[in-house]
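**Q** This is the structure I have questions about; it appears just below.
Each value in this text was obtained by applying a stated rule to the coordinates, not by laboratory testing. Keep in mind the model is a prediction, meaning the values are calculated, not measured. Backbone-built Cβ (ideal geometry, glycine too); neighbour counts: all protein chains shown.
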Amino acid sequence: MKAMIVRDGAILMNRSRVRGADGREREIFDLPGGGHEFGETQEEALRRECLEEIGARVRVHGAALVYEVRTWAPDRTHLTFQQVNVAFWAELEAGEEPGLGSAPDGAQVGTAWLPIRDLPSYEVHPAGVAAWLLADPGSRPLGIGPFEIPPEL
């Protein structure tokens, strides 16, 4: 489950620092959210994940997008990771402000509001989510991908 939280033309993203295969550190951005725990509904899972990652309570609305991500082994003979994400429109509960939650993802260092129109100037993962957000809302497909993500993510 992933959260698409949009406010004033900007989308809330997790901000992470990762070291690439070349050894250089870079800043990347992705949607807050994660997986189910046994017995949770999708809405419960997303609310919990947002509290853990962005330290804020959210109200979950309808599904926005389904996308697949995957990572190939270095020799490209097999996949080492594959996941289908359902992104839901969501909003922060009244009085909530995002930051670094109590159980952030491993490389996560905070959150950021990125202006949607400026998304091409950031390293957003997967890049297809940024392109989807920039598209005319009337022409956005429900499903996109698969998108390849580097092993360091």
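**Q** Please report the spacing between the Cα centers of region 104-121 and region 24-41 in Å, no decimals.
**A** Between the Cα centres of region 104-121 and region 24-41 lies a distance of 12 Å.
**Q** Hey, another quick one. If amide H atoms are built 1.01 Å from N in the plane of the peptide, which residues on other chains or at least 5 residues away come under 5 Å of the amide H of residue 88?
**A** 2, 3, 4, 64
**Q** In whole Hz and in residue order, list the ³J(HN,Hα) couplings for region 50-57 that follow from phi through the Karplus curve 6.51 cos²θ - 1.76 cosθ + 1.60, θ = phi - 60°; x for Gly and Pro.
**A** The phi angles translate into 5, 4, 5, 8, 10, x, 9, 7 Hz.
**Q** Okay, next question. DSSP loop (so not H, G, I, E, B), at most 12 other Cβ within 10 Å: list which trypsin sites (Lys or Arg not before Pro) in region 10-40 pass both filters.
**A** The qualifying sites are 24.
**Q** How much of the DSSP beta bridge set in region 20-153 is antiparallel, as a percent to the nearest 5?
**A** On the way: 12 of 17 bridges.
In region 20-153, DSSP labels about 70 percent of beta bridges as antiparallel.
**Q** Within region 1-63, which GluC sites (Glu not before Pro) sit in a loop by DSSP and count at most 16 neighbouring Cβ atoms inside 10 Å?
**A** The qualifying sites are 37, 40.
**Q** Related question: For residue 11, list long-range residues whose amide hydrogen, built 1.01 Å from N in the peptide plane, is under 5 Å from its own amide hydrogen.
**A** Correct list: 114, 116.
**Q** Hey, another quick one. Can you give the log10 of the normalised intensity I(q)/I(0) at q = 0.10, 0.17 Å⁻¹, computed with Debye over equal Cα scatterers of region 2-148?
**A** One equal scatterer on each Cα of region 2-148 leads to -0.34, -1.03.
**Q** In debye, nearest 20, what is the charge dipole magnitude of region 2-148 about its Cα centre with +1 on Lys and Arg Cβ and -1 on Asp and Glu Cβ, if you could check?
**A** Approximately 280 debye in magnitude.
**Q** Here's a follow-up. Taking region 33-96, which trypsin sites (Lys or Arg not before Pro) meet the DSSP loop condition and have no more than 15 other C-beta atoms within 10 Å? Write out the running numbers ahead of the final one.
**A** Working: sites: 47, 48, 57, 59, 70, 76; in loops: 57, 76.
Here the sparse-neighbourhood loop sites are 57, 76.
**Q** Please turn the phi angles of region 27-37 into ³J(HN,Hα) values with the Karplus equation 6.51 cos²θ - 1.76 cosθ + 1.60 (θ = phi - 60°), one per residue in order, whole Hz, x for glycine and proline.
**A** After applying 6.51 cos²θ - 1.76 cosθ + 1.60, I find 9, 10, 9, 8, 5, x, x, x, x, 6, 9 Hz.
**Q** Per DSSP helix of 4 or more residues, -39500 (n - 2.57); summed, then divided by the residues of the chain. What does that give at 222 nm, rounded to the nearest 500?
**A** Here the helix-only value at 222 nm equals -4000 deg cm²/dmol.
**Q** Show me, for region 129-135, the HN-Hα J-couplings you get by feeding each phi into the Karplus relation (A = 6.51, B = -1.76, C = 1.60, θ = phi - 60°), rounded to Hz, glycine and proline as x.
**A** Result, rounded to whole Hz: 5, 4, 4, 4, 5, 7, 6.
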